[in-house]
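Just below is one structure, and these are the notes that go with it.
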Amino acid sequence: LLHDVLRRWHGRVSDVVDNIARLRATAEGMRQALTDQDIPSVGRYLSEYWHEKKVMAPDAEPPEVTCIMTAVQDLCYGMSLAGAGGGGFMTLITKQPDAGEEVAKAVKALGVAATVHHVTIDAEEILFT
């Protein structure tokens, strides 16, 4: 997967080169959204980031992940997979801070092998370097 992305970047394939600029703009937007504590925008940028990553590696989203994302989309401002995809770890920004139970029910109903973990962002300690 990484080899293919690097080959396309080195070959200056236009969709990859253009997408790098979008990834950078999305990262800058995410930084501002986090600074502003604008949670809906954090979610939106997270989803934009995932869609941009899929331009780099179109096969990075396994069918099970697509099912989960579809099942929980109404509960979330946005979502993404960490890393290069493959179904390892999904991050969701939920609309309600206590939506974990609803997310877990939606995932369980799909019958996929996944667990739900609740985390929070400590807005007091966000540092950018």
Residues of the stretch 30-62 satisfying the condition of being farther than 22 Å from residue 97 by Cα and either open to solvent by less than 40 Å² (accessible area, probe 1.4 Å) or at pLDDT below 90 (or both): 52, 53, 54, 55, 56, 57, 58, 59, 60, 61, 62
Scope the stretch 44-99; condition touching a helix residue (DSSP H, G or I) at 6+ places or on another chain (Cβ under 9 Å), in a loop (DSSP other than H, G, I, E, B), among the hydrophobic types (A, V, I, L, M, F, W, C) and over 21 Å from residue 24 (Cβ atoms); matching residues: 99
Contacts under 7 angstrom Cβ, first residue in the stretch 45-58 being within 18 Å of residue 70 (Cβ to Cβ), partner charged (D, E, K, R), 6 or more apart: 54/61
The stretch 19-29, residues that are among the polar types (S, T, N, Q) and modelled with pLDDT of 95 or more: 26
Identity of the residue in the stretch 87-119, among the small types (Gly, Ala, Ser) and more than 21 Å from residue 51 (Cα to Cα), that ends up least open to solvent (accessible area, probe 1.4 Å): 99
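Count, please, the residues in the stretch 4-13 that happen to be part of a helix (DSSP H, G or I) and open to solvent by less than 80 Å² (accessible area, probe 1.4 Å).
Qualifying residue count for the region: 3.
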Pairs where the first residue, in the stretch 95-111, is more than 18 Å from residue 65 (Cβ to Cβ) and the second is part of a helix (DSSP H, G or I) and modelled with pLDDT of 95 or more, C-beta under 7 Å, 6+ apart: 95/75; 99/75; 102/75
Complete set of residues in the stretch 70-86 that are touching a Gly at 6+ places or on another chain (Cβ under 9 Å) and either surrounded by 18 or more Cβ atoms within 10 Å (Cβ to Cβ) or among the aromatic types (Phe, Trp, Tyr) (or both): 76, 77, 78, 79, 81
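The values are calculated or read from the model by the stated rules, or taken from the named source; none is laboratory data. Nothing here was measured: the structure is a model prediction, and the numbers come from that model. FYI the Cβ positions are ideal-geometry reconstructions off the backbone, even for glycines, and counts take in every protein chain you see. Each accessible area value is taken on the protein alone, full model and side chains, heavy atoms only, with ligands, DNA and RNA left out. Shrake-Rupley method; radii C 1.70, N 1.55, O 1.52, S 1.80 Å.
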